[in-house]
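Chemist: After the structure tokens below, expect a handful of questions from me.
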Amino acid sequence: MSELISLAANGTGLVVETGPGLPRVLHWGADLGPVDEDLVLAATPGVPPSSVDTPIRLTLLPSSREGWLGRPGASGHRDGSFQHLRPELLGPVAVDGNSLSFTAADSAAGVEFHVELHLDPSGVLRVRHEVVNTGADTWTVDALRLLLPVPAHAVELLDLTGRWCRERSPQRSPFLHGLRARESRRGRTGHDATGLLVAGTDGFGFRHGEVWGVHLAWSGNHEHFAERLPEGLSLLGASELLDPGEIRLAPGESYATPWAFFVWSDQGLDGLSARLHAWMRARTSHPSTPRPVVLNTWEAVYFNHDLGRLRALADRAAEIGVERFVLDDGWFRGRRDDSAGLGDWFVDSDVWPDGLSPLVDYVRDKGMQFGLWFEPEMVNPDSDLARAHPDWLLADALPWRRQQVLNVALPAVYDYLLERLDSLVTEYRIDYIKWDHNRDLMESLTHDQTVAVYRLFDELRSRHPALEIESCSSGGARVDLGVLAHTDRVWASDTNDAVERQRIQRWMGLLIPPELVGSHVGPPEAHTTGRFAELPFRCATALFNHAGLEWDLTSLSSEELDALTAWISVYKRLRGLLHTGVTVRADHPDHGSLLHGVIGPDHAVFCYARLETSPDALPARLRFPGLDPTRRYTIRAIPELLPVSGHFVTQTPWITTGLTLSGAALTHTGLQPPLLAPSQAMLFELTPASPA
Ligand code: GLA
């Protein structure tokens, strides 16, 4: 007997038909309110010519048993013997509030599936499957996929790609018949990881269009995919990518997938981000303290660790308002460059004859927290560890940054890393770990590795509840909601070039709320690109995320230090808003400029950044999205971060005096910005004005 289950939260609705056969989603999109039984008839496809004789049912675990000839929900085998899985519903579909679960089994194959789906208060839908081997011998899991149907009017796809220093680059394609899969076999999430795979209506943008997205919360091999069959069925899905024989279940053993996050909006991409950010912020583990201003030593000193120089850096940092001092790579045994030392997590006694205490105590005495860089999963063949334990390496793969990977799933490796990290965190009362991961895993199975590393994060955090961990991976190659369930921040990219960062952060923000994304002000000439940019632009770019500095402060003029002091106080004044408000991104007509902002209950901050010149002599009006149309706002430029050069004040005198307009006028009419040079930005603060 089939029935309809209707779940709704925060404007998102999900309607599931429980049978006949396995449950299938009839509707995922807007909250429909009360649902009539006739929705089944309305949403059931016909029988196409030259097809099975009954309507094809695209269920939550689709198989050819119900006519589905796209990718199956599950596949596997028993010692190579071929078997089409034909899962059948076992028992009722359980509903508990906005959660739904059921068990399906293929008794001939000897497997049982548990399907779990939660529609959370933010409107984010999380789905996870588990497969249990109920047979008498080994069952090998080939794939277990999480997927949901999307309607035919989702005609375009958006996914992200990228590389080192250019993560999260968008690419779009039509959603055509066939399969579009974004696979990662890198053993880490990847610089090129899509994060979110989005399907949407024609021409959808940040502020318009109906969109559906999927993200897999996993840091190992994985795929996101979109599939459309000529029979009129389309879907979005994700799964862990398993190598042949990677998951072999003994009788009674089980394998659970990572969580897949499905999110819908009829307000464009900003609507997806709003739900995802709200979901993240509702977690009890979400950082709740103000995100401290960071000074990271990497681009300031690289491997040249010298106590005097680092103390001078700490002096300048404390003077300008830095709150967390992070000692990057180069502090441990034999680590004079990137060719040696990884794995030997003992303070180098040549460079640090008295240990790290002379620096740590100095930093603390200045009122700053202390953070330290590690790359626990990695090992240089030129290290005492690799020489003593060649069997601890995961594979003998091609070297990459002259390093290899440790097999963290080996208890001895896990115990060694835990002991080293734990004792250093304890000895130096480390507040923060920058946890790096600088190569792809190759020629190795990565499921157990990923699980072991998650366990290591958790064990360390349970021993040191106040410890924060940053997930860095040659910049942004390990950014996903899986790793963020065990860490507190991600490093978006190794580029501190503000032009590159504007774009990277815009797209990073699709999935990750700004308070979890590190962003640093670097030197005038970016080390990774050689591009010059003036200080206010660099500061404006870092302001919106978890801000910091990565610059040799001892080389700065007093004007530069004053400017940084002013910027840090702006950040401290605004971070409460920036890190809790709603992120908005305008679909600005000038593609060389970006307009984005954060809107809180009372006020808002926007950034207008010009990245390139434009063929237009004057810039397009700025139309500020997301404001309350009935409210009146006073808008003025943030004076501490005005561009250094240019004629903007004479062009637009209101910049300093301010203007008062309704939200409706600011959103629809907009206002004429000054002509900025490329690599300049202007920040606007909007505060409530008294009623007209
Ligand atoms: C990686 C990180 C950098 C820095 C270096 C240190 O490249 O992404 O930020 O920590 O390692 O070796």
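Chemist: Could you give me the residue pairs with C-beta distances under 8 Å whose first residue belongs to region 366-377 and is on the phi > 0 side of the Ramachandran plot, whose second residue is more than 13 Å from the ligand (Cβ to nearest atom) and not in a loop (DSSP other than H, G, I, E, B) wherever it lies, and which are 6+ apart or on separate chains?
Modeler: If the second residue must be more than 13 Å from the ligand (Cβ to nearest atom) and not in a loop (DSSP other than H, G, I, E, B), the pairs left are 367/318.
Chemist: Out of region 521-543, which residues are open to solvent by 10 Å² or more (accessible area, probe 1.4 Å) and either basic (Lys, Arg) or in contact (Cβ under 8 Å) with a residue 60 or more places away in the chain (or both)?
Modeler: Scanning region 521-543 gives 523, 527, 528, 529, 531, 532, 533, 534, 535, 536, 538.
Chemist: Six or more apart or on different chains, Cβ atoms under 6 Å: show the pairs whose first residue is in region 177-203 and under 17 Å from residue 166 (Cα atoms) and whose second is of a type in the set (Val, Ile, Thr) and in a strand (DSSP E or B).
Modeler: What qualifies is 192/161.
Chemist: Let me ask you something else. Name every residue in region 318-361 that is away from the ligand (no atom under 16 Å from the Cβ), closer than 20 Å to residue 433 by Cβ, open to solvent by 20 Å² or more (accessible area, probe 1.4 Å) and part of a loop (DSSP other than H, G, I, E, B), in order of residue number.
Modeler: Of everything in region 318-361, those that are away from the ligand (no atom under 16 Å from the Cβ), closer than 20 Å to residue 433 by Cβ, open to solvent by 20 Å² or more (accessible area, probe 1.4 Å) and part of a loop (DSSP other than H, G, I, E, B) turn out to be 323, 346.
Chemist: Considering only region 120-144, state which residues are surrounded by 22 or more Cβ atoms within 10 Å (Cβ to Cβ), in contact with a Ser or Thr (Cβ under 6 Å, 6 or more places away or on another chain) and under 30 Å from residue 506 (Cα atoms).
Modeler: The one that is surrounded by 22 or more Cβ atoms within 10 Å (Cβ to Cβ), in contact with a Ser or Thr (Cβ under 6 Å, 6 or more places away or on another chain) and under 30 Å from residue 506 (Cα atoms): 123.
Chemist: Could you list, in sequence order, all residues of region 206-240 that are open to solvent by less than 10 Å² (accessible area, probe 1.4 Å), more than 25 Å from residue 447 (Cβ to Cβ) and in contact with a helix residue (DSSP H, G or I) (Cβ under 9 Å, 6 or more places away or on another chain)?
Modeler: Hits for region 206-240 are 211, 212.
Chemist: While we're here: Are any of the residues in region 153-169 among the basic types (Lys, Arg), surrounded by 19 or more Cβ atoms within 10 Å (Cβ to Cβ) and either without any contact (Cβ under 8 Å) to a residue 60 or more places away in the chain or closer than 30 Å to residue 17 by Cβ (or both)?
Modeler: For region 153-169, residues among the basic types (Lys, Arg), surrounded by 19 or more Cβ atoms within 10 Å (Cβ to Cβ) and either without any contact (Cβ under 8 Å) to a residue 60 or more places away in the chain or closer than 30 Å to residue 17 by Cβ (or both): absent.
Chemist: Follow-up question, since we're still on this one. Are any of the residues in region 291-304 buried (at least 22 other Cβ atoms within 10 Å of the Cβ), away from the ligand (no atom under 16 Å from the Cβ), within 23 Å of the chain's Cα centre (by Cα) and of a type in the set (D, E, K, R)?
Modeler: Within region 291-304, one or more residues are buried (at least 22 other Cβ atoms within 10 Å of the Cβ), away from the ligand (no atom under 16 Å from the Cβ), within 23 Å of the chain's Cα centre (by Cα) and of a type in the set (D, E, K, R).
Chemist: Related question: Return only the number of the condition from (1) over 17 Å from residue 449 (Cα atoms); (2) assigned to a strand (DSSP E or B) that residue 248 does not satisfy.
Modeler: Looking at each condition in turn, residue 248 falls short on (1).
Chemist: Further question: Given the conditions (1) within 14 Å of the ligand (Cβ to nearest atom); (2) more than 19 Å from residue 426 (Cα to Cα); (3) open to solvent by less than 10 Å² (accessible area, probe 1.4 Å); (4) of a type outside the set (Val, Ile, Thr), which single one is not true for residue 371?
Modeler: (2)
Chemist: Does residue 177 satisfy the criteria of being in the same structural domain as residue 63 (by TED's automatic domain parsing) and open to solvent by 30 Å² or more (accessible area, probe 1.4 Å)?
Modeler: So residue 177 fits the description; yes.
Chemist: Something else about it: For residue 382, only one of the following conditions fails: (1) in contact with a Gly (Cβ under 9 Å, 6 or more places away or on another chain); (2) within 18 Å of residue 461 (Cβ to Cβ); (3) among the acidic types (Asp, Glu). What is its number?
Modeler: That leaves (2) as the condition not met.
Chemist: Identify, from the list 237, 195, the residue that is within 22 Å of the chain's Cα centre (by Cα) and in a loop (DSSP other than H, G, I, E, B).
Modeler: Among 237, 195, only 195 is within 22 Å of the chain's Cα centre (by Cα) and in a loop (DSSP other than H, G, I, E, B).
Chemist: Moving on to the next point. Give all pairs with beta carbons closer than 7 Å in which a residue from region 54-67 that is at positive phi meets a residue that is assigned to a loop (DSSP other than H, G, I, E, B); count only pairs at least 6 apart in sequence or on separate chains.
Modeler: 67/52; 67/54; 67/56; 67/57
The values are calculated or read from the model by the stated rules, or taken from the named source; none is laboratory data. In this text, all values refer to a predicted model and were calculated from it rather than measured experimentally. As a convention, Cβ positions derive from the backbone with ideal geometry for all residues, glycine included, and neighbour counts pool all protein chains shown. Accessible surface is based on the protein model in full, side chains and every heavy atom, while ligands, DNA and RNA are left aside. Shrake-Rupley method; radii C 1.70, N 1.55, O 1.52, S 1.80 Å.
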